[in-house]
Ligand SMILES: [Cu+2]
């Protein structure tokens, strides 16, 4: 009978596991590393809508009891200013591997990324949170809400927040966009963007956004808007200089 010497057999059996370990080490190297960015530049941009300014749809608020939706609630799926600025667009640098660290919130807990439930609306409509860091979820309404997430890569969560529960936190391990709903109030909807690096911005009511501390270089900026879709644009960032960019989006493009 021929047999492999025992050490060889052991290595042969272990080989797939060793290769797997090496593979995942290589993969984690592809992630994001924080470095000093002493000569970082700034990207200042605006997102504009090409078309007649849409009127936000008034949402159908169907529950009867609520103290929290006395005022009309309007959809935030497409919010355009009088100057055609598009709100709630998420702009990020694609595939950046190193740059400034994520902000720390030690001692500034109130400034942490937050998703509030107030007036039976999730606020903000789009919240960005670094992966593996806490997202504060608040309930300022004093009525029952539940935070129901619809992830593809993270664990799905469905957490009740009775009126007496004012605050909780959620963490997300993987980078993705996650839709959030409330099963009590079907019109409530928001997005959590789990960021793998700190170069994410959400456009404001004027459609404007800013990314600071960007290492000089040429990048692809990636834009996502829940109604208007995705867009990309190249940009070159120079040391300690402001670079301007404009996105123009149209419906059904
Ligand atoms: Cu609710």
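All of the numbers you see were taken from the coordinates with simple rules; none came from a lab. The structure presented is a predicted model; accordingly, all values stated were derived computationally and were not measured. Glycine also receives a Cβ, built like all others from the backbone with ideal geometry; neighbour counts cover every protein chain displayed.
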Could you give the spread of the C-alpha atoms of the stretch 116-240 along their three principal axes, from largest to smallest, in whole angstroms? 50, 30, 25
Taking 102, 172 and counting other C-beta atoms within 10 Å, the order from fewest to most: 102, 172
Here the convex hull volume per residue of the chain, taken over Cα atoms and given in Å³, is 214
Considering only C-alpha atoms, what is the centroid distance from the stretch 34-72 to the stretch 100-130, in Å? 14
In degrees, nearest 10, range 0 to 90: what is the angle between the Cα axis of helix 6-29 and the longest Cα principal axis of the chain? 30
Helical contribution to [θ] at 222 nm, DSSP H n ≥ 4, -39,500 (n - 2.57), averaged over the chain, rounded to 500: -3500 deg cm²/dmol
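Tell me, 33, 81, 203 in order of fewest to most beta-carbon neighbours within 10 Å?
Working: 33 10, 81 16, 203 25.
Exposure proxy ranking, most exposed first: 33, 81, 203.
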If one puts a single equal scatterer on every Cα of the stretch 90-174 and applies the Debye formula without solvent, what log₁₀ I(q)/I(0) results at q = 0.14 Å⁻¹? -0.56
